[in-house]
1. Got a sec? Which of Arg204, Arg170 is among the basic types (Lys, Arg), farther than 24 Å from Gln49 by Cβ and modelled with pLDDT of 90 or more?
2. Taking the stated definitions as given, is Gly28 touching a Phe, Trp or Tyr at 6+ places or on another chain (Cβ under 9 Å) and modelled with pLDDT under 80?
3. Here is a list: Ile105, Ile76, Ile66. Which entry is part of a strand (DSSP E or B) and over 27 Å from the mean Cα position of the chain (by Cα)?
4. Working only within the range 153-187, note down all residues that are over 17 Å from Ala121 (Cα atoms), in contact (Cβ under 8 Å) with a residue 60 or more places away in the chain and not hydroxyl-bearing (Ser, Thr, Tyr).
Amino acid sequence: MPKKGLGKGLGSLFSENDIEEVTSSDTGKIKEGDITNVKISLIEPNKKQPRRHFDKEKIEVLSQSIKEHGLIQPIIITPSDNGMYKIVAGERRWRAAKKANLKEIPAVIRSYNEEQVAEIALIENLQRENLNPIEEAIGYNLLMEEFNLTQELISQRVGKSRSAIANSLRLLSLEDDIKKLLIEGILTSGHARAILSLESTELRMALAKKIIEDNLNVRQAESLAKQLQKKKQPKKETEKTAFDIEIEHIQNNLSSAMGTKVKINHSPKKGKIEIEYYGNKDLERILEFFNI
């Protein structure tokens with residue numbers, strides 16, 4: 001079936017129809033696209049939605065608003081094989097409505113496959129800026145691993161550059177303690193990119209600690225990361241030759257063309273090229289680049 005409004009804003013998913021009530025006995029009579037009152041007991045959350053953390057205080061505030069004014073904006077749901085409805089967009093509103101002890105809430109019922117459900121859930125959260133950096137990366141990874149989407153396709157559908165998608169996916173390779181700091185908002189994505197430039201867990205943790213203790217901004221974190229790299233691998237500074245500059249130019253061109261980090265280690269007799277990838281689907285994309 002064709003995609004419905006994906007990547008075009010959530011407003012395109014709604015239609016202004018009269019609101020009707022849905023009970024378990026008449027779910028088969030619902031006209032798709034109508035805004036309908038659906039019993040909360042018939043609705044279940046999407047287990048694959050990218051958002052993992054819900055602020056309890058914000059849920060409480062929304063719940064109080066719903067008690068006073070009702071739920072103004074309907075959620076989006078899709079029929080499940082078990083006779084229930086799965087939330088496509090609006091889990092926070094659903095949680096708040098349950099907390100407000102509502103028995104039913106307005107919903108738009110749409111027919112979506114699993115890929116579309118995952119995609120819309122990610123788009124909704126990105127547009128509302130509700131995802132932390134790790135949740136965003138998990139959302140992209142889900143689309144790649146479970147639905148065979150490439151970084152290029154994800155880029156087109158969510159309206160972000162391929163390099164932004166690649167940088168987001170790199171966050172999943174961070175240590176769990178650093179991921180937790182990103183989830184809690186103590187570190188930003190910019191800080192994380194500076195941390196990722198360091199190879200050892202020891203240095204990464206040291207930089208994360210220093211960023212927090214000294215309240216470093218991203219530029220300061222990047223500068224400190226470079227200093228830590230030099231201390232870890234002290235080398236006598238030598239002037240770059242024309243050949244070194246050419247190797248660096250080739251390395252940068254490869255990185256840009258392949259959409260991932262490429263490193264060339266060259267010596268007069270032999271060398272090696274290191275290509276980073278983030279998950280099985282990203283590896284397949286890189287293999288396709290070489291027609292393998």
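1. On inspection, the qualifying residue turns out to be Arg204.
2. no
3. Answer to the selection: Ile105.
4. Arg162, Ala166, Leu169, Arg170, Leu172, Ile183 - these are the residues of the range 153-187 that are over 17 Å from Ala121 (Cα atoms), in contact (Cβ under 8 Å) with a residue 60 or more places away in the chain and not hydroxyl-bearing (Ser, Thr, Tyr).
A quick yes/no check of all residues on (1) more than 30 Å from Asn148 (Cβ to Cβ); (2) not aliphatic (A, V, I, L, M):
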position	(1), (2)
Val218	yes, no
Thr241	yes, yes
Asn252	no, yes
Ile275	no, no
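The values are calculated or read from the model by the stated rules, or taken from the named source; none is laboratory data. Please read these numbers as outputs of a predicted model, since none were measured by experiment. Methodologically, a virtual Cβ is constructed for each residue, glycine included, from the backbone with ideal geometry; neighbour enumeration extends over all protein chains shown.
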